[in-house]
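Throughout, read-outs are computed from the coordinates displayed, never taken from laboratory work. From a predicted model like this one, the values you see are computed outputs, not experimental measurements. We place every Cβ from the backbone using ideal geometry, glycine too, and count neighbours over all the protein chains shown.
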Amino acid sequence: SVLLEMKNIHKVYPNGTVANRGVNLVVHEGEIHALVGENGAGKSTLMKILFGLEAPTEGEILYKGEKVRFNGPRDAIGQGLGMVHQHFMLAPSLTVSENIVLGDEPRRGFLNLFRDRKKEIEEIEELIRKFGLKLSPEASVESISVGQKQRVEILKVLYRGAKLIILDEPTAVLTPQETDELFDSIKSLVDQNYTIIFITHKLREVMEISDRITVLKAGKTIQTLITKDTNQEE
Ligand code: ADP
Ligand code: ADP
């Protein structure tokens, strides 16, 4: 079934730049949906509109069948969306589990004193097991590899309950082996009915793992392709 639909999205920035000029994006539950386009094609703008960081000039968003307009990332996250950025936002002096629990506000101050650390670590270990993400919750973030840092970012959004996860150029900083491991984790996520939007400009890579591809060019959707027989009703 359709989880997210962005219909006829237009965005004109205050300086007159037209970033989206009629974009349509239909994402089905449990699929890996690649959003492909060169730099400047309008991908980030579309995702900012989805997360309520920018208002669309025109167009509408349907999520779980209802018309929505998220009021910013906090609201979007509360509704089950998660975004993993290309640039990691981790506190290097803290552990993996501390980064996961504290999210993007690692220094929330005295409230930290009241957390049940044992329970948190158990929950995180459970998530790590569930998705085959090799990682030690008590390792210091300074000491782990780039691929592991990315896993921490993915765990951060899973921990917050994300069901629709947007990965922004996730392979940009990975080695080929880390890329393979990431793809395995993504497959394990969709097997458990998570939905992935995979932003990239590497078409070959996308052909390998995507169920559907939306191609953006100069702010317009030029193509939606189905690359696999996913047994999903249309
Ligand atoms: P992509 O993510 O595909 O690289 P973007 O959505 O970042 O594309 O950018 C689409 C176009 O909008 C580009 O021409 C970019 O320079 C422009 N743009 C992005 N953000 C802004 C902004 N805040 N103000 C004005 N123009 C912007
Ligand atoms: P990234 O590549 O990490 O996504 P960008 O370089 O695309 O970052 O954008 C960084 C910030 O600058 C974003 O907030 C974006 O909205 C803004 N931006 C991008 N292009 C323009 C532009 N032409 N004019 C004004 N702001 C822009």
What is the angle, in °, between the Cα long axis of helix 176-191 and the longest principal axis of the Cα atoms in the chain? Nearest 10 is fine, range 0 to 90.
80
Rounding to the nearest 20 debye, state how big the charge dipole of the chain is about its Cα centre with +1 on each Lys and Arg Cβ and -1 on each Asp and Glu Cβ.
600
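Quickly rank 89-101, 60-72 as a protection proxy: mean count of other C-beta atoms within 10 Å, highest first.
89-101, 60-72
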Between SER44 and ARG129, the two model label points (7 Å from Cα along the beta-carbon direction) sit apart by a distance in nm of 4.0
What does the extension gain come out to for LYS217 and ALA172, with contour length at 0.36 nm per residue minus their alpha carbon separation?
14.2 nm
Quick one: of the DSSP bridges fully inside the chain, what percent are antiparallel, nearest 5?
55
Send over the Kirkwood Rh of the stretch 1-61, from the inverse of the averaged 1/r over different Cα pairs, rounded to one decimal Å.
12.0
For GLY22, distant residues with modelled amide H under 5 Å away:
ILE9, HIS10, LYS11
So what are the ³J(HN,Hα) numbers for the stretch 33-44, from phi and the Karplus equation (6.51, -1.76, 1.60; θ = phi - 60°), rounded to whole Hz, Gly and Pro as x?
10, 8, 10, 10, x, 5, 3, x, 6, x, 5, 4
Based on the mean of other beta carbon atoms within 10 Å per residue, what is the order of 73-80, 193-200, most packed first?
193-200, 73-80
How high is the relative contact order of the chain, given as a whole-number percent (alpha carbon pairs under 8 Å, six or more residues apart)?
30
Taking the Cα centroid of the stretch 119-162 and of the stretch 31-92, what is the distance between the two, rounded to the nearest whole Å?
22
For ILE166, the residues 5 or more places away or on another chain with a placed amide H closer than 5 Å to its own amide H are GLY82, MET83, VAL84, ILE197
Looking at the P(r) of the stretch 138-234, how many percent of alpha-carbon pairs lie beyond 22 Å?
35
Over 30 Å between alpha carbons, listed pairs LYS43/LYS149; LYS64/LYS119; LYS43/LYS187; LYS7/LYS202:
LYS64/LYS119
Kindly rank 25-38, 161-174 from highest to lowest mean number of other beta carbons found within 10 Å of each residue.
25-38, 161-174
Kindly provide log₁₀ I(q)/I(0) values, in the same order as q = 0.11, 0.20 Å⁻¹, from the Debye equation applied to equal alpha-carbon scatterers of the stretch 1-139.
-0.56, -1.20
Cβ-based charge dipole, the chain, positive-most Cα from ILE154, HIS201, VAL12:
VAL12
Step through the residues of the stretch 10-23 one at a time and calculate ³J(HN,Hα) from phi using the Karplus curve (6.51 cos²θ - 1.76 cosθ + 1.60, θ = phi - 60°), rounding each to whole Hz and writing x for Gly and Pro.
10, 9, 10, 6, x, 7, x, 5, 9, 8, 10, 10, x, 9
Translational D in µm²/s for the chain (Stokes-Einstein at 37 °C, 0.692 mPa s, Kirkwood Rh from C-alpha pairs):
178
